1. So, in Å, what gap is there between the alpha-carbon centers of segment A:59-131 and segment A:202-237?
2. Go ahead and collect, in residue order, the members of segment A:122-165 whose backbone nitrogen is under 18 Å from a label point 7 Å along the Cα-Cβ direction of residue A:194.
3. Please list, in order along segment A:204-214, the HN-Hα scalar couplings obtained from phi with the Karplus expression 6.51 cos²θ - 1.76 cosθ + 1.60 (θ = phi - 60°), rounded to whole Hz, x for Gly and Pro.
4. With each pseudo-label sitting 7 Å past Cα toward Cβ, what's the residue A:294-residue A:12 distance in nm, one decimal?
5. If I model a spin label as a point 7 Å beyond the Cα along the Cα-Cβ vector, how far apart are those points for residue A:220 and residue A:67 in nm?
6. Based on the mean of other Cβ atoms within 10 Å per residue, sort peptides A:13-20, A:115-122, A:25-32 so the most packed one is first.
7. Through the Karplus equation 6.51 cos²θ - 1.76 cosθ + 1.60, θ set to phi - 60°, convert the phi angles of segment A:105-111 into ³J(HN,Hα) values in whole Hz; use x for Gly and Pro.
8. Determine the relative contact order of segment A:4-231: mean sequence separation of Cα pairs under 8 Å and six or more apart, normalised by residue count, in whole percent.
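Taken together, the values in this text are just the output of simple stated rules run on the coordinates, not laboratory data. This structure is a prediction, so every number in the text was calculated from the model and none was measured. Counting neighbours? That spans all protein chains shown, and the Cβs are built from the backbone with ideal geometry, glycine included.
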Amino acid sequence: MPNSSTLNPSVRWDSPGPGTLRRWQALIPGWFAAEARDLPWRRPDCTPWGVLVSEIMLQQTPVVRVLPRWEDWMRRWPAPADLAAAPTGDVLRAWDRLGYPRRALRLKEAAAAITARHGGKVPEDEAELRALPGIGEYTAAAVAAFAHGRRSTVLDTNIRRVLARAARGEAAPPPALSRTEYRWAAALVPEDEAVSVRWNAGLMELGALVCTARSPRCTACPLAADCTWLAAGRPGAEAPTVRKQTWHGTDRQLRGAVLAVLRAGDAAVPRGLLVSGREGTASVPESLTESQLEALARLRRLNPDPARMDRIVTGLIGDRLAQENPEGLTLPD
DNA sequence: AACACGGGGCC
DNA sequence: GGCCCAGTGTT
């Protein structure tokens, strides 16, 4: 059964009363200080660059999968200038299977911009952060808070869910973040800067560890006594079924398979493959090995529609290759 | 506002 | 097999 926010788009944006809010503003930061996971990007010696890298990697990606990639990444490219100077092929390989590899390409672009425009230092200002490739509203707020200790309104899927439940009694926030929801959440952030950072971090951690989407552990929640959703009997705990993008048989699935082949290359050779989406292209400085060509040929045989395979491969190994390598790339049949 | 974009793990 | 995960950029 769909929850009420699905049935009725007009959500009540009631704020908790002053007393309740004041209590939460003490409970959440306190809970974070006591219960937070010891993650490397939260250590005091972590640089703003390290925090930025973690935020990009954590977009749509669980912490456990990010941890090893982050460690390798920071060892290899400890400062923005290091990544900016790295070959794109190395960058994509180090990204490994984190998913959404365009994030890696944008992170390299952001590193270049930080090096060129900001003297190699990660900006503190949200608008300046927001201007970097791959950094949107969430990441700008998160870096301002967690890298620089600034007060900001961090709104990710975790925080939106915790606030929706505790303050409004909804099982889940509306599908899209509106300006109304943003302003509503911004009004809850504690005024004190240091407290605000732990407020943001604490709500996020609460959503990740306790107030989870699937099976919330309300008995472990510091807000249990005040939670509107829990008091109402956790209505809508059964997740409403939303329409999902199909996967099997789509171009996207095939693109993933081709990308896996491209990632597998080890020998660095002169010029470039191109990885492209509808947003444009970026070069990957390496060429194909024999085994990669064989793997692509295998994919081509498995795929009943050769034209589709061509479209995918041409999308990934695109036009710019023709400029850089006039002979182009010939795939075996 | 709706889509496209990876990949893996969980129920 | 569908959902979820520290979202962003394009249409």
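1. 33 Å
2. Correct set: A:145-152.
3. Residue by residue, segment A:204-214 yields 5, 5, 4, x, 7, 9, 10, 8, 7, 5, 7 Hz.
4. 6.6 nm
5. For the pair residue A:220/residue A:67, the computed spacing is 1.5 nm.
6. Highest to lowest by the protection proxy: A:25-32, A:115-122, A:13-20.
7. Couplings: 5, 5, 4, 5, 4, 4, 4 Hz.
8. 25 percent
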